[in-house]
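Below is one structure, written out as structure tokens, with a few remarks after it.
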Amino acid sequence: MTFDFIIRNVQVVDGTGTQRKVDDIGIKGDAIAAVGDLSAAEAARVIDAEGQVAAPGFIDMHNHFDQTVLLYPAAQSAVAQGITTAVTGQCGFSHAPLNNHYLACFWEWDWWDRVQSRKYYQEVVGDLDKVRAAAKEVQDLDIDWSTFDEWLRRVEQARPGVNLVPLVGHGTVRAAVMGLDYRRVATEDEIRAMKRYVEQAMEEGAWGISNGMDYAPNAFCSKEESYEVIGAAVKKGGFFSSHWRRTGLREGFGNPGLIEGLKEAIDIARKTGARLEIAHLSPGWLIAPSPTPRLSQVAAEETLAVLDEALKSGVDLAFDVIPNHLTGGVIHARHVAAALTPWLKEAGSMEQLAKNLAAPDLRDEIRQYIGSGKWYSLNPILQPGWASTIVVGNTSVDEFRGKSIMEIARSTGRHPLDALMDVIQQDPHATRAEPKEGSDEVKRIFYKHPRAMVGIDTFLADETAGSRTPPYYLPNPNTFGGMARFIKLYALGLLGLEEGIRRLTGLPAERLGLKDRGVIAEGKKADLVIFRPEAVLDKTTTEEPRQYPDGFTWVFVNGKPAVEDGRLTLSRAGSVLRKS
Ligand SMILES: [Zn+2]
């Protein structure tokens with residue numbers, strides 16, 4: 001047989017966790033055609049990969065790639081770090097089905113004010129006609145689908161660079177049925193209508209369902225509604241990914257559910273018989289104001305004890321963890337001024353905000369609003385350590401550089417909120433540096449658990465991505481560097497490469513029921529990553545997160561190179577994996 005590619009003398013880490021073995025891999029079409037001694041075989045292209053590792057393409061268990069796949073179809077940020085398959089439609093947000101309303105997922109930043117203008121918190125449900133007009137005008141994007149099938153066909157036409165496993169979002173379905181009148185328990189008729197949407201999405205190829213219990217409109221659902229709506233997907237063989245109640249609704253001080261939220265997700269899985277994926281696991285207890293490393297460790301262990309108990313009682317669950325929690329989330333605020341987003345938006349520019357902060361009554365107003373607990377990111381109860389985590393990076397003011405807001409407050413004798421406003425007032429362009437505090441011990445404990453996998457929880461992006469309006473959000477560092485970080489810190493540094501790779505490949509494929517991916521073997525799809533483990537490096541910084549990682553030399557998606565000799569090819573060989 002003549003192959004399209006032969007990868008010679010490569011250390012095959014096959015995704016099952018077994019010890020690596022030097023072999024040759026032959027690719028023909030979109031499949032792995034042979035693994036073994038292919039020294040006598042011929043190929044259109046031969047890659048000598050001596051000293052390098054071949055792994056199955058990475059399967060990212062949790063992200064929001066579907067939200068921006070039409071804007072960045074080549075999926076540069078994903079394939080550059082070895083991701084070839086992504087489980088999308090997470091946290092209750094999917095792009096379909098649509099009725100008369102649209103549920104925003106935070107990438108619409110530059111035009112959402114045209115749909116729903118708010119000073120403090122976005123109203124995330126908007127009129128579909130307004131959304132269509134704004135998306136077309138600002139981003140030249142046609143939101144021309146309604147059903148799940150139409151949406152998936154739209155993605156297929158865009159020829160995505162990665163394989164997408166699509167989930168339907170409970171939040172999206174709730175918006176389709178209840179529109180803007182969602183701040184209440186749904187009626188029986190409404191629940192029936194939601195179930196019909198979910199059943200139809202499942203018939204059209206959804207792989208399962210997600211929920212997002214910290215977000216409107218999902219957060220308002222009753223237990224009964226969860227059982228019914230999630231159950232409708234499970235009855236059709238669907239997988240269930242849960243963004244459990246952690247902070248409560250973020251618009252104002254909600255209910256910090258934490259461990260109760262985790263138990264709620266487990267309860268839904270138990271009641272519906274779902275195969276559960278707990279999204280972006282974090283400790284089920286908040287220890288404030290400054291937990292010792294030992295206290296954080298105990299909170300992590302206790303959280304796992306709750307999961308282990310559920311496992312023992314027969315709930316089929318697993319979970320994913322974000323590699324870089326210090327800067328988790330889909331978007332990233334590069335400037336210190338972004339900490340005061342509502343007032344920055346109102347000012348229109350960072351320079352104008354700095355001028356406005358000279359007014360003592362504006363400062364009073366900001367202090368009062370934040371002190372009331374209504375502003376999520378500086379919430380004194382939910383985020384008591386905020387002043388230590390904001391560290392000033394590049395600035396024209398020497399005495400601020402490299403210091404946290406807490407340190408500046410202590411040295412100047414000012415309240416932390418005033419110290420923050422002083423920094424912005426004196427240098428509106430001051431950037432944020434890497435926080436000094438924070439240990440990765442919690443993540444090490446989570447990743448050690450045999451059911452732990454990885455989800456980078458970001459959008460797709462390229463090196464130009466970012467919002468054009470204040471606060472000038474950038475993609476979260478995990479967007480470009482999450483998998484490199486996982487390999488270095490938690491595969492090589494904790495689990496061993498073979499087991500670490502299994503968590504990115506064989507285990508996710510098994511959990512999802514993806515029979516033709518996740519391991520290197522004859523007949524499987526040719527999703528492959530060739531890399532030098534010791535050279536893998538996450539190069540993102542908080543000041544410039546749009547940096548591709550080092551160490552990955554070749555990435556194949558369905559037999560086509562998406563990365564070739566360390567360079568992006570922009571080939572778009574991914575597919576939508578519809579559940580049949
Ligand atoms: Zn989430």
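Along the axis of the charge dipole computed for the chain (Cβ charges of +1 for Lys and Arg, -1 for Asp and Glu, origin at the Cα centre), the listed residues His335, Ile381, Ser313 are led at the positive end by Ser313. Label sites at Arg578 and Glu260, each approximated as a point 7 angstrom past Cα along Cα to Cβ, lie 4.3 nm apart.
Close amide H pairs (under 5 Å, H built 1.01 Å from N) link Val46 with Ile6, residues at least 5 positions away or on another chain. Per residue, the chain reaches -9000 deg cm²/dmol at 222 nm when only DSSP H runs of four or more residues are counted, each adding -39500 (n - 2.57). For the set Lys271/Lys488; Lys539/Lys579; Lys345/Lys403; Lys21/Lys524; Lys312/Lys443; Lys403/Lys539, the pairs lying more than 27 angstrom apart at their alpha carbons are Lys271/Lys488; Lys539/Lys579. Computed over all pairs of different Cα atoms, the Kirkwood value for the hydrodynamic radius of the range 459-580 is 16.0 Å. Amide H to amide H, with H built 1.01 Å from N, Val168 comes under 5 Å of Trp207, Gly208, Ile209, Ser210, counting only residues 5 or more places away or on other chains.
Here the range 336-430 has an Rg and Dmax of 12.2, 33 Å, counting Cα atoms alone.
Of Lys515, Lys443, Lys21, which has the most accessible area and how do the rest follow, probe 1.4 Å? Present the calculation step by step, with values, prior to reporting the outcome.
Values: Lys515 165, Lys443 15, Lys21 120 Å².
In descending accessible area the options line up as Lys515, Lys21, Lys443.
For the range 262-292 versus the range 305-335, the inter-centroid distance based on Cα atoms is 8 Å.
Distant-in-sequence amide contacts of Gln52, defined by a placed amide H-H separation under 5 Å and a gap of 5 or more residues or a different chain, comprise Gln11. Using only Cα atoms, locate the centre of the range 508-580 and the centre of the range 42-109, then give the distance between them in Å, rounded to an integer. The range 508-580 and the range 42-109 have Cα centres separated by 9 Å.
As a length-normalised measure over Cα pairs under 8 Å and 6 or more apart, the relative contact order of the range 361-424 settles at 21 percent. Computed on the Cα atoms alone, the convex hull of the chain gives a volume of 137 cubic angstrom per residue.
The solvent-accessible area of Tyr72, taken with every protein chain present and a 1.4 Å probe, is close to 50 Å². Rounded to the nearest 20, the Cβ-based charge dipole of the range 336-430 about its Cα centre (Lys and Arg +1, Asp and Glu -1) stands at 220 debye.
Could you sort Met406, Met1 by their accessible area in this structure, using a 1.4 Å probe and putting the largest first?
Accessible-area ranking of Met406, Met1, largest first: Met1, Met406.
Taken along the Cα-to-beta-carbon direction at a fixed 7 Å, the label points for Ser411 and Asp565 span 5.0 nm.
Nothing charged except the Cβ atoms of Lys and Arg (+1) and of Asp and Glu (-1): what's the magnitude of the dipole of the chain about its Cα centre? Round to the nearest 20 debye.
On the way: 66 positive and 77 negative charges, 124 e Å.
Charge dipole of the chain: 600 debye, to the nearest 20.
Within the assembled protein chains, the solvent-accessible surface assigned to Cys105 is about 0 Å², based on a 1.4 Å probe. Taking GluC sites (Glu not before Pro) across the range 426-490, the ones in a DSSP loop with at most 16 further Cβ atoms lying within 10 angstrom of their Cβ are Glu437, Glu463.
Between the Cα long axis of helix 148-157 and the first principal axis of the chain there is an angle of about 70°, rounded to the nearest 10. Distance from the C-alpha centroid of the range 466-499 to that of the range 381-438: 24 Å, rounded to the whole angstrom. Based on Cα contacts under 8 Å between residues 6+ apart, the chain shows a relative contact order of 22 percent.
Per-peptide packing, taken as the mean over residues of other Cβ atoms within 10 Å, places 521-531, 367-377, 136-146, 266-276 in the sequence 521-531, 266-276, 367-377, 136-146 from highest down.
The values are calculated or read from the model by the stated rules, or taken from the named source; none is laboratory data. Predicted model, so just to flag it, every value in this text is computed and none were measured. Note that we place each Cβ from the backbone using ideal geometry, even for glycine, and neighbour counts take in every protein chain shown. These area figures cover heavy atoms from the full protein model, side chains too; ligands, DNA and RNA do not enter into them. Shrake-Rupley method; radii C 1.70, N 1.55, O 1.52, S 1.80 Å.
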